[in-house]
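Data block below; observations after.
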Amino acid sequence: MTLQEELQINIVMSNYNQRSGSYSSNYDYILLDNLANSSYSNLFRSDLKNLKIKTKDKTECKVLYLPAYGSQKSAILARVPTSKISQTTKLLLDVYDTGTTFSSTLSTGGEVLMFDANSDTYSSFFMNYSGLSINNDSTDGGKFLRAKYVPIIDGSSPISLFTTFVSSQALANNRVTVARFKRIVGNVDVNDNATYHGSTVGSVMMQVDGSLTTWGIDRKATALNWADDEKEHLMFNGAKTLVMSSSWDEYNHGSDDEGTYKQYHIHGRVGTGFSSSSDFLEGFSRNNPTKYYDNNFAEVEISPTFFATEEFEEFNYVDLKWLLIFPSPIISANGIPTITVTERDSKHGIRLFKGSHEYPKAYKGSTLLWDANDEDMENTGLYIPDKIINHNWDWVF
């Protein structure tokens, strides 16, 4: 096991706002699904298992390695303390030789919830109905779960894929839903806060292909309930990964005849990936006036509708490989991040000297005012006069 390269992951959020309300999760989660597009990807194993991720203070982040599937690349889900997340977050990426294979250190079942068709029994994760079936998958030798639209007018059973294992997560911690599909085509809706026979709504993706309906409309579009615009194409057409996020940031609360309620700044996003390099839609509803009486998320519903082909002989369906759900109290509250891999930052800036001796830290009593190795220190009140810093010095003092 040889360390080959020390790189840096840069996560920059757009439309950044400080949270108004509190949250209970101590961690945010970053889905690194575009590492294969990095200029350093020749150093990475195809399964990314020769990579370790650390915070800037060199604390190792727990990670979940997600395998490639067909043309869909491998990814890493990294757990990062919320205290280390800012508008510009930098993580250390240690690259080892390609003969090195690390194992996942982040387990599922707590904050991170997952269904994997290759290994899990679907009846333990979804409401049962006649449209569900498990099938052999020639792509990876595993399994996939088929969920077919079954039109039942009387509402006696589900007509689409409906989870049973993801409710009761706090709205304040936000939610990211990642679904990897073997097939997602045509008319499909996804609601990340759904109740069976209920009216709860979170972020809702609506994809329409008029050629596969009886409407006779030649229209293809993808929309998100919080977004002002829509895409005039099918974002999800074939083997695709759907990434959806919902943010509920409380700005007001109260009570009325119906009970105790909260009001939220709401942000929603859906795309083919986690970062701005993907095809995505997002929208903000700040100071949303709606009163919400439930503090927790409900379930996730994935609803194929209408027909699978233009012959109208078979109802539409989706083939699901896995479903991953995790909180994201800060990143999901803001605009989609731009994620890049670069050389590691070198130390630079103002250094403190007395004679030939460098002082990398400066204290006033027990208060740390200056740390030359910490680029993200908050303002501590130690100021350098403009007449010094406004010159192009290599070193100061």
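Name the residues in region 152-178 that are closer than 30 Å to T82 by Cβ and open to solvent by 10 Å² or more (accessible area, probe 1.4 Å), would you?
Listed by number, the residues that qualify are T164, F165, S167, S168, Q169, A170, A172, N173.
Restricted to region 86-95, and to residues that are open to solvent by less than 40 Å² (accessible area, probe 1.4 Å) and touching a Phe, Trp or Tyr at 6+ places or on another chain (Cβ under 9 Å), which residue is nearest to S24 (Cα to Cα)?
Among residues in region 86-95 that are open to solvent by less than 40 Å² (accessible area, probe 1.4 Å) and touching a Phe, Trp or Tyr at 6+ places or on another chain (Cβ under 9 Å), the one nearest to S24 (Cα to Cα) is L93.
With (1) surrounded by 21 or more Cβ atoms within 10 Å (Cβ to Cβ); (2) of a type in the set (K, R); (3) under 19 Å from K73 (Cα atoms) as the list, and K143 as the residue in question, which single condition is left unmet?
(1)
Quick check on my filter: what residues within region 39-62 are assigned to a loop (DSSP other than H, G, I, E, B) and either modelled with pLDDT under 95 or open to solvent by 70 Å² or more (accessible area, probe 1.4 Å) (or both)?
Correct list: S39, S46, K56, D57, K58, T59, K62.
Considering E343, E375, E301, E310, which residue is modelled with pLDDT under 95 and touching a strand residue (DSSP E or B) at 6+ places or on another chain (Cβ under 7 Å)?
E343
Working only within region 288-341, note down all residues that are open to solvent by 10 Å² or more (accessible area, probe 1.4 Å) and of a type in the set (D, E).
Matches in region 288-341: D294, E299, E301, E310, E311, E313, E314.
Looking only at region 1-31, how many residues end up being open to solvent by 20 Å² or more (accessible area, probe 1.4 Å) and over 19 Å from the mean Cα position of the chain (by Cα)?
Qualifying residue count for the region: 8.
Tell me, please, whether a residue that is under 30 Å from N15 (Cα atoms) and out of contact with any strand residue (DSSP E or B) (no Cβ under 8 Å at 6 or more places or on another chain) can be found in region 159-168.
There is no residue in region 159-168 that is under 30 Å from N15 (Cα atoms) and out of contact with any strand residue (DSSP E or B) (no Cβ under 8 Å at 6 or more places or on another chain).
Go through region 15-31 and count every residue that is among the hydroxyl-bearing types (S, T, Y), closer than 25 Å to S278 by Cα and at pLDDT 95 or above.
Counting residues in region 15-31 that are among the hydroxyl-bearing types (S, T, Y), closer than 25 Å to S278 by Cα and at pLDDT 95 or above gives 2.
Could you tell me whether region 129-137 includes any residue that is surrounded by 13 or more Cβ atoms within 10 Å (Cβ to Cβ), within 19 Å of the chain's Cα centre (by Cα) and within 27 Å of N34 (Cα to Cα)?
Looking through region 129-137, none of the residues is surrounded by 13 or more Cβ atoms within 10 Å (Cβ to Cβ), within 19 Å of the chain's Cα centre (by Cα) and within 27 Å of N34 (Cα to Cα).
Among the numbered criteria (1) farther than 24 Å from T272 by Cα; (2) within 19 Å of the chain's Cα centre (by Cα), which one does N34 miss?
(1)
Mind checking whether some residue in region 263-275 is crowded, with 22+ Cβ neighbours inside 10 Å and of a type in the set (S, T, Y)?
yes
Output the number of residues of region 96-118 satisfying the condition of being open to solvent by less than 30 Å² (accessible area, probe 1.4 Å) and either in contact with a Phe, Trp or Tyr (Cβ under 8 Å, 6 or more places away or on another chain) or at pLDDT below 95 (or both).
Here the count works out to 5.
For a quick check of your reading of the model, give me the residue pairs whose first member lies in region 113-141 and is assigned to a loop (DSSP other than H, G, I, E, B), whose second is of a type in the set (S, T, N, Q) and at pLDDT 95 or above, with beta-carbon atoms closer than 7 Å and at least 6 apart or on different chains.
Correct list of pairs: F125/T163; F125/T164; M127/T164.
Out of region 282-330, which residues are within 24 Å of N34 (Cα to Cα) and touching a Ser or Thr at 6+ places or on another chain (Cβ under 7 Å)?
I325, P327, S328, P329, I330
The values are calculated or read from the model by the stated rules, or taken from the named source; none is laboratory data. None of these values were measured; they are calculated from a predicted model. For neighbour counting, all protein chains shown are included, and Cβ atoms are generated from backbone atoms with ideal geometry for every residue, glycine included. In case anyone asks, the SASA skips ligands and DNA or RNA and just uses the protein heavy atoms, side chains included. Shrake-Rupley method; radii C 1.70, N 1.55, O 1.52, S 1.80 Å.
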